[in-house]
1. Taking the condition open to solvent by less than 40 Å² (accessible area, probe 1.4 Å) and touching a strand residue (DSSP E or B) at 6+ places or on another chain (Cβ under 8 Å), does residue 206 pass?
2. Among the residues of the stretch 171-203, write down those that are open to solvent by 60 Å² or more (accessible area, probe 1.4 Å) and touching a residue at least 60 places away in the same chain (Cβ under 8 Å).
3. If you check residue 297 against the conditions, is it surrounded by 15 or more Cβ atoms within 10 Å (Cβ to Cβ), out of contact with any helix residue (DSSP H, G or I) (no Cβ under 7 Å at 6 or more places or on another chain) and either among the hydroxyl-bearing types (Ser, Thr, Tyr) or at positive phi (or both)?
4. If I filter the stretch 142-165 for residues that are open to solvent by less than 50 Å² (accessible area, probe 1.4 Å), more than 30 Å from the chain's Cα centre (by Cα) and either under 30 Å from residue 195 (Cβ atoms) or free of Cβ contacts under 8 Å to residues at least 60 places away in the same chain (or both), do I get at least one hit?
5. Can you name every residue in the stretch 301-318 that is surrounded by fewer than 16 Cβ atoms within 10 Å (Cβ to Cβ) and not small (Gly, Ala, Ser)?
6. Yes or no: the stretch 62-70 includes at least one residue that is among the hydroxyl-bearing types (Ser, Thr, Tyr) and either surrounded by 16 or more Cβ atoms within 10 Å (Cβ to Cβ) or over 30 Å from residue 214 (Cβ atoms) (or both).
7. Evaluate the stretch 109-116: report whether one residue or more is modelled with pLDDT of 90 or more, closer than 29 Å to residue 155 by Cα and exposed (fewer than 15 other Cβ atoms within 10 Å of the Cβ).
8. Filter the stretch 68-86 down to residues that are over 17 Å from residue 124 (Cβ atoms) and of a type outside the set (Phe, Trp, Tyr), then give me how many there are.
Amino acid sequence: MGSITVKKLTVMGGARWEKTDATIRAVEVRTFGNTLLGRFPTSGSTSYDKFFPNLQGVYSFTDRLMARAAVTQTIGRPAYEDARPLSNFRYSSLGNAALDPVRYGFSGTLSIGNPGLGPYHAVNYYLSLEWYLKGSGILSIAGFRKDIDDPIYLYSETLRNVEHSGIGLESLSFSSRRNAEAGEITGIEVSLYLPFRFLPSPFDGFGIDANLTRISSSVTIPTRVGADFPFFRQPGELANATLFYERNAFSGRIAYSYADGQLYSIGASTYNDIYRMPRKQLDLQLRYRLTEHYSISASIRNLTREPEQFRYGFEGLLRSSRLLDRDYKIGINFNY
């Protein structure tokens, strides 16, 4: 890595190389009806490497106005719980074939990790303009784009007349993780951090911290050619607004957050797709410093008890609604 400064421009560049090798061992938990048949060893391996060049730049128009730009490359390795070949296989007899696997006399469910998952690779573009206000405030606007190869997604489908672990199944509800082909995310974000230090005491302890992000995204799914999907778990809009008060030993924050609907998992058809519905939340946090090293804090999450809801691929077709109560926390904090 290295950097160079020419008058008002600073450019930083570098590169790195990463290699990953993994052998992951797990078990298949096999159940017939209500009888646990045992835990049978499974394993899988993966290997990949990648070279990452990166370039960043900062240009200072004035002491208070600057532009930042970056072109970077990153990978996202599969989560361990997604890559391990741990599986849960449950099956039962249909009653029309007495334990004859050749005749597909059973039905079952199989949830299994995928050790063959590759990491997703992203080329990231970023450009921002930042204005440092008097009194420690910051106003910024930023645009970004991500071109992503091999994104990872949760997939489910119902297979017909298949065999698994030597068992013939007339139907098998199957779910696992897969790599999609490619996706892209483009967005713009506006942020404002503004302490109200221009107000008379004691109101000069107030301030706001807010941002709004609008996002357009898409992803190509190999098993659903021609279908139009947003990128996985990527809302079209994100908004956060915090009103805070900080004065002497006391600080308090009340924060509002909003996340638009997002694609959660993909099935074999639109009816089997699952979307998380738009959700807002209101949180409260208070802190008081007792001494230089000790403070007490209290927080309440989800003040308005907003539920978490999911729908099928069709608009308005509710799949589930999970009622979330308030979450209370009280703590004593110590710092060196």
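1. For residue 206, the condition - open to solvent by less than 40 Å² (accessible area, probe 1.4 Å) and touching a strand residue (DSSP E or B) at 6+ places or on another chain (Cβ under 8 Å) - is not met.
2. Residues satisfying the conditions are 178, 197, 198.
3. yes
4. Yes - at least one qualifying residue is present in the stretch 142-165.
5. Listed by number, the residues that qualify are 303, 304, 305, 306, 307, 308, 314, 315, 317, 318.
6. The answer is no, given that none of the residues of the stretch 62-70 is among the hydroxyl-bearing types (Ser, Thr, Tyr) and either surrounded by 16 or more Cβ atoms within 10 Å (Cβ to Cβ) or over 30 Å from residue 214 (Cβ atoms) (or both).
7. no
8. So the count comes out to 8.
The values are calculated or read from the model by the stated rules, or taken from the named source; none is laboratory data. Owing to the predicted nature of the structure, the values given are computational and were not obtained by experimental measurement. Here the Cβ is made from the backbone with ideal geometry for all residues, glycine too, and neighbour counts use every protein chain on show. Heavy atoms of the whole protein, side chains included, go into the accessibility calculation; ligands, DNA and RNA do not. Shrake-Rupley method; radii C 1.70, N 1.55, O 1.52, S 1.80 Å.
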